[in-house]
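Here the structure is laid out as structure tokens; the discussion comes afterwards.
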Amino acid sequence: MDYVKVERRDGVAVITIDRQPALNALNWQVLDELSDALDAVASDAETRVVVITGAGDRAFVAGADIEAMQPMSVPEAREWAVLGQRIFSKIESLPQPVIAAINGYALGGGCELALACDIRIASDRAKLGQPEVTLGITTGFGGSQRLPRVVGPGWARQMILSGDVLDAATAERIGLVNAVVPAAELMAEAMKLAAKIASRGAVAVRLAKRALNVSMDADLETGLRFEAEVFGECFGTPDQKEGMKAFLEKRKPVFTGKW
Ligand code: DAK
């Protein structure tokens, strides 16, 4: 792959988007490669957590590629939006939790990529926004749907309708990112959190992600039914037996992650 690198370390897969001359902007090839990388980690039982970041110190992803989009016809733009949405939905429904380590500009499609992740940690140099209206277009990779779910309707409307770009501190204040850390510590902090999640019961973590996803779309009754379902499923796993036994024996659990 030319633009997307995957490194695996201690149960954590780090996916790096590396197209630095264009501030890691997403063109067809980057999206294709990202899709392949996601398929590979999704089916890798050893991977407990995924971290997505951008190469270099300037950008996470500065958006969909404006040069590639500029000449698009209406059907081509629709196809482009569907492709991007399909890949970002793949992130959302990946079995493992995904952490976005936002190391710089996360604009347009870059902000939408981060929104499809479960957790967002930003460097103090990050800038986030949905500037599509400044280019005469709407969001196309899920921003109008996921941003309000993350920050609420008020800030989502302000960001998407104005195109304003937020600094990291404001993004943290409105809940767009979970934490802001010094740029030099970003990957270490993201990996620390990833390692913590990777140390938990892997089946429980995967099922919890599924239940959280259901909470975004289903009514409460359906969501509660689903929660009862996955809660029950945990009790068929060795990790539930071990986790509770270890608690009662006042020791650390040794999880296997087996179903
Ligand atoms: N696409 C292509 N190239 C980009 C880019 C982008 N999004 N962002 C930056 N670059 C390129 C620049 O053109 C420049 O290339 P060269 O001139 O060196 O060849 C290089 O990266 C460095 O950028 P700058 O020289 O501009 O660097 P600065 O530090 O001065 O400025 C910046 C950094 C991030 C503030 C600036 O580059 C910028 O404003 N970039 C555009 C950010 C942006 O507007 N992003 C949102 C893109 S729109 C849809 C599907 C998807 C989407 C929408 C609709 N449907 C199909 C409906 C998604 C849309 C977007 O993401």
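For the range 1-80, the C-alpha radius of gyration sits at 1.21 times the compact-globule guess of 2.2 N^0.38 Å, with N the residue count.
For the peptides 138-148, 231-241, the ranking by mean Cβ contacts within 10 Å, running from highest to lowest, is 138-148, 231-241.
Which of the residue pairs LYS90/LYS245; LYS5/LYS252; LYS90/LYS258; LYS90/LYS250; LYS90/LYS241 have a Cα-Cα distance greater than 27 Å in the structure shown? Correct reply: LYS90/LYS245; LYS5/LYS252; LYS90/LYS250; LYS90/LYS241. Rounded to the nearest 20, the Cβ-based charge dipole of the range 90-180 about its Cα centre (Lys and Arg +1, Asp and Glu -1) stands at 100 debye. Available extension along the chain between GLN85 and LEU224 is 47.3 nm, counting 0.36 nm per residue and deducting the alpha carbon span.
Beyond 15 Å, what share of the Cα-Cα pairs of the range 24-134 is found? Please give it as a whole percent.
63
Remark: the range 163-224 projects, on average over all directions, an area of 6.4 nm² (convex hull of Cα atoms). Between helix 238-248 and the chain there is an angle of about 70 degrees, using the helix long axis and the longest principal axis of the Cα atoms. Helix 28-42 and the longest principal axis of the C-alpha atoms of the chain enclose an angle of approximately 0°.
Computed from point charges on the beta carbon alone (+1 for Lys and Arg, -1 for Asp and Glu), the dipole magnitude for the chain about its Cα centre is near 960 Debye.
Taken over the Cα atoms of the range 108-259, the convex hull encloses 137 Å³ per residue.
Scaled to the globular estimate 2.2 N^0.38 Å, the Cα spread of the range 192-254, given as radius of gyration, is 1.27. Once C-alpha pairs closer than 8 Å and six or more residues apart are averaged by separation and normalised to the residue number of the chain, the relative contact order reads 16 percent. For VAL4, the amide hydrogen comes within under 5 Å of the amide hydrogens of ASP18, counting only partners 5 or more places away or on other chains and with H modelled in the peptide plane. Across the alpha-carbon atoms of the range 69-183, the computed radius of gyration and Dmax are 13.7, 43 angstrom. The relative contact order of the range 38-173, computed from alpha carbon pairs under 8 Å that lie at least 6 residues apart in sequence, is 24 percent. Largest first, the three principal axis extents of the alpha carbons in the chain are 62, 40, 34 Å in whole numbers. Axis angle, to the nearest 10 degrees, between helix 74-92 and the longest C-alpha principal axis of the chain: 20 degrees.
Computed from the C-alpha gyration tensor, the three semi-axes of the ellipsoid equivalent to the range 119-175 are 18, 13, 10 Å, from longest to shortest. Take every Cα pair under 8 Å in the range 136-259 that's 6+ residues apart, average their separations, divide by the length, and report that relative contact order as a whole percent. This gives 18 percent for the range 136-259.
FYI, it's all coordinate maths here, none of it is from the lab. Source: prediction; values computed, not measured. Positions of Cβ are generated from backbone atoms using ideal geometry, with glycine treated the same way; all protein chains shown enter the neighbour counts.
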